[in-house]
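Undergrad: Quick one: the structure is below, questions incoming.
Bear in mind these aren't lab numbers, they're just calculated from the coordinates by the rules spelled out. Because the structure is predicted, anything quoted here is derived from the model rather than measured. Note: ideal-geometry Cβ built from the backbone for every residue, glycine included; neighbour counts use all protein chains shown.
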């Protein structure tokens, strides 16, 4: 399959072939220096500096809402697609080309590092990540070995390709937070109630803490690979942490998220923290160490700023379903978000969750143009 002028081989590359290709990329493709993206509107907003316009990017901007994505992904399983550097490069670039967003986000999945260390899992269409043997006992922890850069050499290769293509447009790396990864591992797949994960958290807090500690190390290692390869910022997705009460979050989750943020603090790249249904956790999520706190659509940004407190930029927070209405109504709701963000120290415009698969891509393109136009200095 040809993708963006490069040949995408059939099947996964073996380790030797990955190493040879990575050496070629390192020799012939120099990642864009950090200075090339430093003055971008996105990174300025993350640092709470004045911006030429409010920067925009969308969670899940690279994905099923784009016909060009569906075309290049046809017949390729999700996890396999995350391990093909040329394909990852093409998919990551697609929304940048189409929508003129202010940042790209690396195309991958939060379970990729778990797969890379040998956890038997798959992403089943219409279901999500499914783990063959859930983590339920102390003996199961032995299956969670350390992640090495060699385990995910395809990530280094893809980011090397991407930074060369993106130029001054920042690339956001990302990973799943320890709680969300644990919820999949303990439950064995997606859950609405997290009864097994919470049973471990409440009933065997020592095992729970050891599990999240190992996941924090794996997550930090995965983020370090992305930053060292050229990512300009990172986002920690704690998608399901909104299921917790604040006291449980502070005691049983926050220390492990903080460990991840602390591990990458020395790189000096902005760190974004996002979860769904986290209105009651916003202050704690900021205290965990993020520079930017993502806010879903349930809490207005001015109220979110009050809860988080000073010293943090905010990201968000248009309801993704707004994109299914008329252009006039979309602009009116976007205006509400911008008005609520008017007094913030820093604001990155985004949705309150990911782009839904049936979203009209043109609605996203028009939204980016509207935000840029309305906020241009």
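Undergrad: If we sort 218-230, 194-206 on the protection proxy, mean other Cβ atoms within 10 Å, highest first, what's the order? Spell out each step's value before the answer.
TA: Working: 218-230: 22.8, 194-206: 15.6.
Highest to lowest by the protection proxy: 218-230, 194-206.
Undergrad: Once a ≥ b ≥ c are taken as the square roots of the eigenvalues of the Cα gyration tensor of the stretch 70-115, is the result rounded (a/c under 1.5), prolate (a/b larger than b/c) or oblate (a/b not larger than b/c)? Each step should come with its number before you reach the end.
TA: Working: a/c = 2.61, a/b = 1.47, b/c = 1.78.
Oblate shape, in that a/c is at least 1.5 and b/c is the bigger or equal ratio.
Undergrad: Additional query: Under a crude label model (7 Å from the Cα following the beta-carbon direction), how far is residue 324 from residue 204 in nanometres?
TA: Here the answer is 4.1 nm between the modelled labels.
Undergrad: Among 47, 98, 271, which one shows the biggest mean-square fluctuation in a GNM of the chain, springs joining Cα atoms closer than 10 Å?
TA: Among 47, 98, 271, the largest GNM mean-square fluctuation belongs to 98.
Undergrad: Taking N as the number of residues in the stretch 266-356, what is its alpha-carbon radius of gyration divided by 2.2 N^0.38 Å? Mind dumping the intermediate values first?
TA: Details: Rg = 13.0 Å, N = 91, 2.2 N^0.38 = 12.2 Å.
Taking N as the residue count of the stretch 266-356, the ratio is 1.07.
Undergrad: Is the stretch 200-314 best put as rounded, prolate or oblate by its Cα gyration tensor, with a ≥ b ≥ c the root eigenvalues, rounded for a/c under 1.5, and otherwise prolate when a/b is larger than b/c, oblate when not? Walk me through the numbers on the way to the answer.
TA: Working: a/c = 2.05, a/b = 1.01, b/c = 2.02.
It comes out oblate by the Cα gyration axes.
Undergrad: Please find, in a Gaussian network model of the chain (springs between Cα atoms separated by less than 10 Å), the residue of 233, 245, 290 whose mean-square fluctuation is greatest.
TA: Of 233, 245, 290, the most mobile in the Gaussian network model is 245.
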